Amino acid sequence: MDTPRPLSVPLSSPALLGARRATQGFFLLSGIAAGSWASMVPFAKARLVVDEAHLGVVLLCLGLGAVGAMPLAGHLSHRYGNRRVLLVGGLAIGLALPLLTIAPSMILLGATLAVFGAALGVVDVAMNAHAVDVERLHGRPLMSGFHGLYSIGGLVGSAGMSALLEGGVSLVACAAAVAVLLLAIVATQWRRLIAAVPDAVIAQRTMFSRPSATAILLGALCLVIFLAEGAMLDWSAVFLRSARGFAISNAGLGFSAFSVAMAAGRLLGDRITTRLGPARVVRYGSLVAAAGFALACALPWATSALIGFTLVGIGASNIVPVLFSAAGRIPDTSAGVAIATVTTFGYAGLLAGPAVIGFVARASSLPIALGCVGGLVAAVAAGASLVSPRRPAG
């Protein structure tokens, strides 16, 4: 196995604590941005007067932007360090968010979503890479907690937008307020991030080594879970509005319920994984999430939909952190290449998911489309043994 990426300078305890808190801040920022957009989707659908299939095509642009920017983000992180990449990416998220509320056509909204998605993708790659460094320096698991802050951010974004909209604040003003908050996080936290740049030889080997079969299989599992998370992000509000009769200002509550459950699960995730083991976390978690999709889609009541989305959040909460950890300990494989592979597969799920769900919904119905996602999530249980620490390399 490749040696860990070296840091150019050792960190004092206060500096390490600051780096940890700054990492938490950027996970929170990313979640707030995603949650805010989830509450904007029904407004975009109404403003453009499009059906689910056409909306799915527009939403595809967010994933295209994210996946397209990820290789560049990885290269820039290796060349300039995660701190600079997070500064630029965080600023881009804050500046792009308000523009999503005023784009007057499918083409302009798609272009803006591509920029917004690219910024989210850049921040996602850099903040996870930075989290690996912070976790290594602390010498204990922290990844689930970091991802828990992302989920809390999703709650803050979606619930905060819903509260402001319910109070009569215009959509543009809501987005502007969120953008100011995001830019404030960037301004106050980026200097606390680790400024070290890895050794050039290790960076080059990480970028161009071929991933193992095990990394690819873990990536396939991550694809399904990211597809499910993307379904919650892009379609939960539309589902509650069109299929369960929610008011447009409250349609973001589904993503809020999902985010609360996911945040709670991830904040307890390191202890849960230690107690149950990673394989059981994946197996039981995928089955609980699949049951949540079934409950939300099969029963016609608003309450059952919210309970179902809560179960999806509980079940899926720790699967992705466990997959990342498993990728990092594959024998005879660069941890950087393995984690990059899993992340790329995951974003492929976000890329394909919105459009596929939209087309399936037009051919049948949105509940059926989301039910199919639940079936894929249930199949993840069959691959749970891949995350066992004792499994040999693929």
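The values are calculated or read from the model by the stated rules, or taken from the named source; none is laboratory data. Everything quoted here is computed from the prediction, not taken from an experiment. Please note: Cβ atoms are built from the backbone with ideal geometry, for glycine as well, and neighbour counts cover all protein chains shown.
If you go through segment 289-313, how many residues are among the β-branched types (Val, Ile, Thr) and crowded, with 20+ Cβ neighbours inside 10 Å?
Total meeting the criteria: 2.
Just the residues that are touching a residue at least 24 places away in the same chain (Cβ under 8 Å) and in contact with a Ser or Thr (Cβ under 8 Å, 6 or more places away or on another chain), please, taken from segment 74-102.
His78, Val85, Ile93, Leu97, Leu100
Are there any pairs with C-beta distances below 7 angstrom linking a residue in segment 368-382 that is within 13 Å of Arg283 (Cα to Cα) to a residue that is among the polar types (S, T, N, Q) and surrounded by fewer than 18 Cβ atoms within 10 Å (Cβ to Cβ), with the two at least 6 apart or on different chains, and if so which?
Hits for this filter: zero, empty list.
What single numbered condition from (1) surrounded by 24 or more Cβ atoms within 10 Å (Cβ to Cβ); (2) modelled with pLDDT of 90 or more fails to hold for Gln189?
The failed condition is (1).
Given the criterion in a helix (DSSP H, G or I), farther than 28 Å from Gly65 by Cβ and not small (Gly, Ala, Ser), identify the matching residue among Ile339, Ile314, Ile357, Ile330.
It is Ile314.
All but one of (1) in contact (Cβ under 8 Å) with a residue 40 or more places away in the chain; (2) in a helix (DSSP H, G or I) hold for Gly245; state the number of the condition that does not hold.
Going through the list (1) in contact (Cβ under 8 Å) with a residue 40 or more places away in the chain; (2) in a helix (DSSP H, G or I), Gly245 breaks only (2).
Looking only at residues that are touching a Phe, Trp or Tyr at 6+ places or on another chain (Cβ under 9 Å) and not β-branched (Val, Ile, Thr) in segment 307-337, which one is modelled with the lowest pLDDT?
Pro321
Which residue out of Leu55, Leu97, Leu113 is under 19 Å from the mean Cα position of the chain (by Cα), under 22 Å from Phe359 (Cβ atoms) and assigned to a helix (DSSP H, G or I)?
Answer to the check: Leu113.
In segment 227-248, what residues are surrounded by 19 or more Cβ atoms within 10 Å (Cβ to Cβ) and touching an Asp or Glu at 6+ places or on another chain (Cβ under 9 Å)?
The answer is Trp235, Val238.
So that you can scan it fast, the table gives a plain yes or no per residue for (1) touching a Cys at 6+ places or on another chain (Cβ under 6 Å); (2) charged (D, E, K, R); (3) surrounded by 19 or more Cβ atoms within 10 Å (Cβ to Cβ); (4) over 23 Å from Phe258 (Cα atoms):
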residue: Ala53; (1), (2), (3), (4): no, no, no, yes
residue: Gly56; (1), (2), (3), (4): no, no, yes, no
residue: Pro71; (1), (2), (3), (4): no, no, no, yes
residue: Gly89; (1), (2), (3), (4): no, no, yes, yes
residue: Ile93; (1), (2), (3), (4): no, no, yes, no
residue: Ala111; (1), (2), (3), (4): no, no, no, yes
residue: Val123; (1), (2), (3), (4): no, no, yes, no
residue: Ala131; (1), (2), (3), (4): no, no, yes, yes
residue: Leu142; (1), (2), (3), (4): no, no, yes, no
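Any residue at all in segment 105-119 that's at pLDDT 85 or above and within 19 Å of Val320 (Cβ to Cβ)?
Scanning segment 105-119, I find at least one residue that is at pLDDT 85 or above and within 19 Å of Val320 (Cβ to Cβ), so the answer is yes.
Only one residue in Ala46, Ala69 is in contact (Cβ under 8 Å) with a residue 40 or more places away in the chain, under 16 Å from the mean Cα position of the chain (by Cα) and either closer than 21 Å to His130 by Cβ or in a helix (DSSP H, G or I) (or both), so which one is that?
After applying the criteria, what remains is Ala69.
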